[in-house]
Amino acid sequence: MSGTLVRYKGDGLELAGEAYGDPSAPPVLFFHGGGQSRNAWRGSARIVGESGYYGVTFDLRGHGDSDWAADGDYLLDAYGRDVEALLFQFNRPVTLVGASRGGQAALVGGSRHEDRVRLIMLADVAPMMRDDGIDGIRAFFAEGEAGFTSLDDAADSLAQHLDQPRIADASKLARAMRQDDSGRFHWRWDPATGHAEFLHPPSEGDAILAAAKRVSSPVVMVRAELSHLLTDEGVNTFKHLTPQLEVVMAKGVGHMFTADRNDGFAAELLEWLERTPERIQP
């Protein structure tokens, strides 16, 4: 099944997506993590599309083919407002799936509209994430802003800083990058998204705690066994604030595991969708 390029309205900008399946089927929306694009969830979106759902994998604001924020707002709440806007563009309850930053956005935005959310499924997202675990992400964005002399250098940066296996064929990164006039490669996102004020500020932790306390939709969190960001304390806090939370352990993987585990993640997601009845809209 091939995807269809789509565009939806976020909060004051447009978001690009790639859709699979029947648009009238139950929608499942996917949101990638920092330093990724909608391609990270392509496999899962295709699988759910082939399984009777409408799978759409989105570029976050400032990433890929989505609009850059004219006001430069890349705080977590802005990503959450984009998710909120998407919920009102479907005529039936939506399932939200997100990894890292995309999971945070799904939780914040989805927690505000229980009647429009069927299920929220998070990949390695919880309150009270370790600040020192963000250091690699900070370094990755800094290197990305300076650019790379080759696609191989970009692949090395991904593996070094984002806890991902090194991609064997670096040429596959070409679609996620652009070249400047000097020939240096840059990731296809707004460099401002990686500025220090947007990478784990206090407001981010506050927003996630508030969302965990507020959310009443079914929530599943797939925890990476080797995560460098989640802590037992954070997961226990999540369970306390969100009594309906279900936690599933993904064995032998690190924080940014979803891009390499699309098939397995999609199978887990489909099982939870079968267990979670679709809400009837009033």
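Just a few scattered comments:
- Debye log10 I(q)/I(0) for the range 134-193, one point scatterer per Cα, at q = 0.14, 0.16, 0.27 Å⁻¹: -0.34, -0.45, -1.24
- Pairwise label distance in nanometres, Leu75 with Asp232, each label 7 Å out on the Cα-Cβ vector: 3.4 nm
- Max mean-square fluctuation residue, GNM over the chain, Cα-Cα springs under 10 Å, options Pro218, Pro26, Pro202: Pro202
- Sorted from longest to shortest, the spans of the Cα atoms of the range 93-235 along the three principal axes equal 50, 32, 28 Å.
- For Trp187, Trp68, order by how many other beta-carbon atoms lie within 10 Å, fewest first: Trp68, Trp187
- Restriction of the trypsin sites (Lys or Arg not before Pro) in the range 168-234 to DSSP coil positions whose beta-carbon has at most 16 other beta-carbons within 10 angstrom yields Arg184, Arg188.
- With both residues required to sit in the chain, DSSP beta bridges show an antiparallel share near 40%.
- GNM top mover of Asp206, Asp59, Asp190 - the chain, alpha-carbon springs below 10 Å: Asp206
- Relative contact order (%) - criterion: Cα under 8 Å, at least six apart; region: the chain: 20 percent
- Residue among Thr95, Thr193, Thr149 with the largest mean-square fluctuation in a Gaussian network model of the chain, springs linking Cα atoms under 10 Å: Thr149
- Estimated from the Cβ-Cβ distance and a Förster radius of 25 angstrom, the FRET efficiency linking Arg138 and Val247 is about 0.35.
- Kirkwood-type radius of the range 159-282, with distances r between different C-alpha atoms, in Å: 17.9 Å
- The ranking of Trp41, Trp189 by Cβ neighbour count inside 10 Å, starting from the fewest, reads Trp189, Trp41.
- Note on the chain: helix-only mean residue ellipticity at 222 nm, from DSSP H runs of 4+ residues weighted -39500 (n - 2.57) and normalised by residue number, equals -10000 deg cm²/dmol.
- Computed label-point distance, nm, for sites Arg7 and Glu197 using a 7 Å Cα→Cβ extension: 2.8 nm
- Calculated FRET value between Glu271 and Gln160, using beta carbons and R₀ = 22 Å, to 0.05: 0.05
- Viscosity 1.002 mPa s, 20 °C: Kirkwood-radius Stokes-Einstein D of the range 61-120 over Cα pairs, µm²/s: 182 µm²/s
- With distances taken between every two different alpha-carbon atoms, the chain has a Kirkwood hydrodynamic radius of 18.6 Å.
- For Lys239, a cut-off of 19 angstrom between C-alpha atoms picks up these aspartates and glutamates, skipping any fewer than 8 places away in its own chain: Glu114, Asp124, Glu204, Asp206, Glu225.
Bear in mind these aren't lab numbers, they're just calculated from the coordinates by the rules spelled out. Being a predicted model, the structure only gives us computed values, none of them experimental. All Cβ positions, even for glycine, are placed from backbone atoms using ideal geometry, and neighbour counts span all protein chains on display.
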